[in-house]
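Take a look at the structure set out below.
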Amino acid sequence: MFGHQEQKSIRTTIIEPSKNWFGANLKELWDYRDLCWMLALREVQLRYRQTILGVTWVIIQPLITTAVFTLIFGKLLNAKSDNITYALFAFVGLLPWNVFSDSLQRAGVSLTRDIRLITKIFFPRIIIPISNAISTLVDFLVSFVLMLILLLIYKMPVSINILTIPFLLLFTMILSIGVGIIFAALNVYYRDFAYVLPFVIQIWMFASPLAYSSKLIPQSLTWIYDLNPMVGIINGFRWAVFGQTDFPLNSLLYSFVVGLVVFSLGLLIFRRLERSFADVI
Amino acid sequence: MADFILRTENLSKRYRILPTAGRGWRGNQRVLVDDIARIANRIRGREFTEKRISFWALKDVSFEAKSGDVIGVIGRNGAGKSTLLKLLGRVTEPTAGRAIIYGRVGSLLEVGTGFHSELTGRENIFISGAIIGMSRAEIKRKFDEIVAFSGVEEFLDTPVKRYSSGMEVRLAFSIAAHLQPQVLLVDEVLAVGDASFQQKSLQKIKQVSENGGTILFISHNMSTIASLCNQAIVLDQGKVVFELGPVTDAINSYLSGVAKRQLAQLEETRQEEEPGPIKISAFSIRGPDGTFLETLTSGAPMDLQLDYKLQGPAPIKDVNVSILIKTLKGEVIASLDNQATIGPLTLSNREGRINCHIDKLPLTSGNICISLLVEQTGRLVDRIEDAFIGDIDRGGVYDRRKSSDNRGWVLIDQDWSVR
């Protein structure tokens, strides 16, 4: 049953109370990368199973949001959109925002949905929120293609800057996973966090230049407004797609640094709290 | 490589509970306050007097498993068996001590844990396999074998929610069995599937040890432990009470320990904190000649005797006693109740004995435990869990039964004829 090959790569596991704060979080994550992908895939497979419209929902959702934004903010409130067709302006803003908010929401409540796994089997727990977050990338891809089609319909030229989008997407994911794992870990202890999260996301949404241009913010308040790391990312996306504004270098750098800090903090908190997950969940 | 596969050194696990918390919102709030107080005090570097009661679910457990060992872990409910498996399976962290494992650990803790009911059998093989630690390539390599062993070929592309529970269990076991671990942790999973699949599973489990691995096996069933394991360890209240040794010695030690408990330690298993008007002071099972029975016999006569003491003045009326006969897993097989025969009892002495006579015990051989409940005017006044834990042996008037294995729990008087 044990081939010679498997004998050679015998692993030694030492089980003892953990002492360090950082631990082998990331290394274990790497060892279990297959599982991470498969769980992400599972999320995608499950999301629209037993629905009539199926994957069409991925297309419908951003279109409806864009339509609502266009109607209320674009037409009714006449929000400024940096001289770009409002619908496009809103749609492109929604791209990173949806990735951010979806993955934050999914990651944040993910652990408590998999109680049986956590209490029965060992694997790095951080895989659950991360794979949940990653699963939203599929929706992003579909929306991205949809955006290209919309650009074509509106006869907008596509900027060369669009090649930077993978990096911008990475920034978004780092930030949302960072916040997401904090919520996920805390929610294991106190379920209140699952109820707080939607409000956090909603407030965060209004504090981000989604429906309106960030130029709308009075000069005296921009220093507060720019504390939100999503401002840089969303403006970065619009720069990448339309190429009409200046490259928001400073605010993007800021977003990146904040993302890394939050992510590291998240890992730390997660590591500290995950020891007792199986006992308190 | 060392000469052992698995070694634990003073492995311990402490749980802390806040006894004053209670349930619901107030309880959660108190836990939160306690958490905050603890963190705040730690930050300020102050000593924090812990309000939580801590108890050791496992304390200083040390043993060494060598290649080929099949180790039974024996103990009552709450002895720490599952905690030990959880620690070794890394589901939860030890509080102190450590364990060293050479090689891969596989758990058959609860079959089907990694399954998602909306996904098909095929999809679940991949997910569940990855969860228990196989790489995608490995699963692909073993896929056909897993499917063949489980016998669900036809339903591979059907969502698992449409499976019968038997099919689901077979598929899950099959995945876990093909992990090919060096250390296999098994928790009472053999009670699943039909007899032939059980045989197949046992063989698969034995294969692990034949190939140089080691198995830790938790079961309440002494005969399964006796037939499958060559070594055993007995736990009681988190501590090792019988060091790893030959399986028959361990089982004997466990059963005799259980017999000693019956008389001496009723107090410990008493469930009611408030002293009621009636207290059970002893419980014993005696044969027709008045001798104590440590093991019961199918079909034999016996008397179940409860010694009682009244806390207040005699007499006390409207007393009902229930003797619950349960499997070691806690399922009630039968309940003996005075209401069923003579109606409510009146206890007219301050100390006395309540006797329940059974003419022929209609239970198959196996392990049972007995719990006692005493009610007065419909209110529970005393309750003792596991007042007796022991074996039922084959014998008595049902001994003519020659069928090779025990099926079910109950023996029924029967007359057969052919025309």
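Values computed for the structure shown
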quantity	calculated
Mean ellipticity per residue at 222 nm, deg cm²/dmol - from DSSP H runs of n ≥ 4 across the protein assembly as shown, formula -39500 (n - 2.57)	-13500 deg cm²/dmol
Table column - 3J(HN,Hα) (Hz), the range B:378-394, Karplus curve with 6.51, -1.76, 1.60, x for Gly and Pro	x, 10, 6, 10, 8, 8, 10, 8, 6, 5, 9, 10, x, 9, 10, 9, 5
Degrees between helix A:165-189 axis and first principal axis of chain A (Cα, 0 to 90, nearest 10)	50 degrees
Angle in degrees between helix A:192-206 and the longest Cα principal axis of chain A, rounded to the nearest 10	30 degrees
Pairwise centroid distance, computed over Cα atoms, of the range B:168-184 with the range A:236-257, Å	51 Å
Rg over Rh, two decimals, the protein assembly as shown (C-alpha only, Kirkwood Rh)	1.07
Dimensions in Å of the range A:228-281 - Rg and Dmax from alpha carbons	16.9, 54
Long-range HN-HN contacts of B:GLY103 with modeled amide H, under 5 Å	A:ARG11, A:THR12, A:THR13
Least to most buried among B:LEU58, A:LEU76, B:LEU304, A:LEU175 (fewest other Cβ within 10 Å first)	A:LEU76, B:LEU304, A:LEU175, B:LEU58
Prolate/oblate/rounded label for the range B:281-345 (Cα gyration tensor, a/c 1.5)	prolate
GNM top mover of A:TYR254, A:TYR212, A:TYR32 - chain A, alpha-carbon springs below 10 Å	A:TYR32
The range A:20-95 shape via C-alpha gyration tensor axes, a/c threshold 1.5	oblate
Whether chain A is rounded, prolate or oblate, judged on the alpha carbon gyration tensor where a/c under 1.5 counts as rounded	prolate
Whole-Å semi-axes of the ellipsoid equivalent to the range A:103-200 (Cα gyration tensor, √5λ, descending)	34, 14, 12
Of every Cα-Cα pair in the range A:144-281, the percent that sits beyond 26 Å	36 percent
Between the range A:177-231 and the range B:337-389, the alpha-carbon center distance in angstrom	63 Å
Assigned charges on the beta-carbon of Lys, Arg, Asp, Glu; the protein assembly as shown dipole about Cα centre (debye)	1500 debye
Listed residues A:SER255, A:MET156, A:ILE269: farthest to the positive end of the dipole of the protein assembly as shown (Cβ charges)	A:MET156
Helix A:86-108 axis, angle to chain A major axis (alpha carbon atoms, nearest 10°)	20 degrees
Only Lys, Arg (+1) and Asp, Glu (-1) charged, at Cβ; the range A:131-278 dipole about Cα centre in debye	100 debye
Rounded FRET efficiency, nearest 0.05, which uses the C-beta distance separating B:LEU380 from B:SER54 and R0 of 41 Å	0.90
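Read-outs: derived from the displayed coordinates by stated rules, not from any lab. Predicted model, so just to flag it, every value in this text is computed and none were measured. Glycine also receives a Cβ, built like all others from the backbone with ideal geometry; neighbour counts cover every protein chain displayed.
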